[in-house]
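Step one of this worksheet: look at the structure below.
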Amino acid sequence: MEQQKPLNLIIDCDPGVDDAVALALAAAFRDRLRLLAITTVAGNQTLERVTANALNLSALLGLDVPVASGCAEPLVREKAPAADIHGPTGLGDCRLPESGRRPASDNAVLFLQNTILSLPPEEGVTLVPIGPLTNIALLLKAFPEVKPRISHICLMGGGINGGNRTAAAEFNIWADPEAAHMVFTAGIPLTMCGLDATMQGGLTRPQVEGLRTGGGKVSAYFGEMLDFYFRSLNYRNRDVVAIHDATTLLYLLYPDLFATAQLPVTVDCGEGLTRGMTLADRRSFLEDGGPRVTVLTDVKDPQRYQEILLDAMARLDQGA
Ligand code: BDR
Ligand code: CA
C-alpha cells in the first residue's frame with residue numbers, strides 16, 4: 001500500500017489541559033502529522049500563561065516547532081479565562097519543567113501568514129484551532145490570500161445540542177463569537193468537533209489514575225493535569241473526563257471513529273442568553289440553508305477512542 005504523505009498541520013491553542021493532550025497526540029503521531037507550528041491565543045488562561053505552557057509542552061513532548069503568540073483578548077468581548085476548569089496555571093496543579101524556549105518574534109497572525117504562504121502552493125495546510133478563534137479570524141481578514149492554501153479547518157468548538165460555558169454555548173465560541181462567525185463564513189471547508197462528540201469520548205477515573213501513578217515519564221504529567229480536570233465543577237460528579245481538544249486530531253487520524261452530518265451552522269453574535277450558540281438548521285426540507293459544515297455528531301466507538309489516547313501516551317513514555 002502506498003504510504004500517505006503526512007498532513008501539514010498548524011495547531012492554534014490555549015493550553016489548557018485538553019489542549020495539552022492534543023499536542024501530545026501530535027507528538028505521538030508525528031509520522032502521520034507534520035506539525036509546522038503552534039500558535040497561542042488567550043482563552044483558558046492569559047496569553048502569557050498559555051504561551052509559556054505551549055513552550056514547556058513542546059519541549060516535554062520533543063516537538064521541535066516554533067511557537068508564536070497571538071491575540072491577548074477577543075475581538076470585541078471582554079476576556080474571561082476558564083481558571084475554574086484549567087486552574088491558575090492553565091494546566092491544573094501540574095508544574096512542567098521550564099524549557100527556556102522562547103516564542104517567535106512575530107505575532108501569531110503574521111507568523112501564520114508567513115508559514116502558510118511559504119509552503120508549496122500545491123501542498124495546502126490543515127488548521128486546527130482548539131481555543132477561541134481570534135487569531136484565525138484576524139488571519140483570514142488581514143491576509144485573505146492565505147484562504148486558498150488552507151485545505152481544511154478542523155476546530156474544537158460549539159455543539160448543536162447545548163453548551164458548557166452557558167446552557168447554549170460552548171466555551172471557545174462563547175469567548176469570541178464574532179471571530180467564530182468570521183471563520184465559519186470564510187468559505188473554507190470546516191469541521192466542527194463540538195460537544196456532541198467530545199462529551200462522548202474521554203478517559204475514566206481509573207485510566208487517569210493509571211496515567212498519574214503508572215511511572216511514565218510523560219504520561220504522569222498528563223495524569224496530574226487530568227486529575228485536576230476531574231476535580232473541577234464540570235467533572236467532579238462524572239465518571240469520564242472529556243478531552244475535547246484531542247478530538248480534532250483523533251478525527252483527522254481516525255475519521256471512521258466518528259459519525260458526522262453536513263449542516264448549515266450559524267454563530268449567535270448577540271448579547272443575550274444564546275450568545276455564542278452554534279445553531280444548526282436541521283430542517284430537512286431546506287434545499288439551501290447556507291454553507292454547510294461537517295459536524296461531528298457521535299463517537300461510534302468510545303472504547304477505541306480511549307485505547308488510541310492511552311496507546312499514544314504509552315508510546316510517548318517510550319520516547320517514540
Ligand atoms: C474547550 O474550552 C476549553 O476550556 C477547552 O480547552 C476546549 O478547547 C471546551 O469547551
Ligand atoms: Ca482549548
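The values are calculated or read from the model by the stated rules, or taken from the named source; none is laboratory data. Note that the structure is predicted; figures quoted are calculated from it, not measured. For neighbour counting, all protein chains shown are included, and Cβ atoms are generated from backbone atoms with ideal geometry for every residue, glycine included.
Would you pick out the residues in the range 280-320 that are at pLDDT below 90 and of a type in the set (A, V, I, L, M, F, W, C)?
Phe285, Leu286, Ala320
Please specify each residue of the range 241-260 satisfying the condition of being without any contact (Cβ under 8 Å) to a residue 40 or more places away in the chain and either under 27 Å from Ala82 (Cα atoms) or within 15 Å of ligand 1 (Cβ to nearest atom) (or both).
If the condition is that a residue be without any contact (Cβ under 8 Å) to a residue 40 or more places away in the chain and either under 27 Å from Ala82 (Cα atoms) or within 15 Å of ligand 1 (Cβ to nearest atom) (or both), then Val241 is the only one that fits.
Show me the helices (runs of 4 or more DSSP H) found entirely inside the range 118-215 where at least 2 residues are surrounded by 15 or more Cβ atoms within 10 Å (Cβ to Cβ) and in contact with a strand residue (DSSP E or B) (Cβ under 7 Å, 6 or more places away or on another chain).
So the answer is 134-142, 171-175, 177-184, 195-198.
State whether one or more residues within the range 88-108 are free of Cβ contacts under 8 Å to residues at least 60 places away in the same chain, closer than 25 Å to Thr185 by Cα and of a type outside the set (Ser, Thr, Tyr).
Scanning the range 88-108, I find at least one residue that is free of Cβ contacts under 8 Å to residues at least 60 places away in the same chain, closer than 25 Å to Thr185 by Cα and of a type outside the set (Ser, Thr, Tyr), so the answer is yes.
Scan the range 161-176 and report the pairs whose first residue is free of Cβ contacts under 8 Å to residues at least 60 places away in the same chain and whose second residue is assigned to a loop (DSSP other than H, G, I, E, B) and surrounded by fewer than 24 Cβ atoms within 10 Å (Cβ to Cβ), with Cβ atoms within less than 7 Å and a gap of 6+ or a chain change.
Gly162/Ala168
When you look at Arg49, is it under 22 Å from Arg231 (Cβ atoms) and either within 16 Å of ligand 2 (Cβ to nearest atom) or in contact with a strand residue (DSSP E or B) (Cβ under 7 Å, 6 or more places away or on another chain) (or both), yes or no?
Against the criterion (under 22 Å from Arg231 (Cβ atoms) and either within 16 Å of ligand 2 (Cβ to nearest atom) or in contact with a strand residue (DSSP E or B) (Cβ under 7 Å, 6 or more places away or on another chain) (or both)), Arg49 qualifies.
Residue by residue through the range 238-255, note down the ones that are among the hydroxyl-bearing types (Ser, Thr, Tyr) and crowded, with 24+ Cβ neighbours inside 10 Å.
Thr247, Thr248
Limited to the range 216-226, what total is found for residues that are surrounded by 19 or more Cβ atoms within 10 Å (Cβ to Cβ), more than 12 Å from ligand 1 (Cβ to nearest atom) and of a type outside the set (Val, Ile, Thr)?
Summing the residues that are surrounded by 19 or more Cβ atoms within 10 Å (Cβ to Cβ), more than 12 Å from ligand 1 (Cβ to nearest atom) and of a type outside the set (Val, Ile, Thr) in the range 216-226 gives 6.
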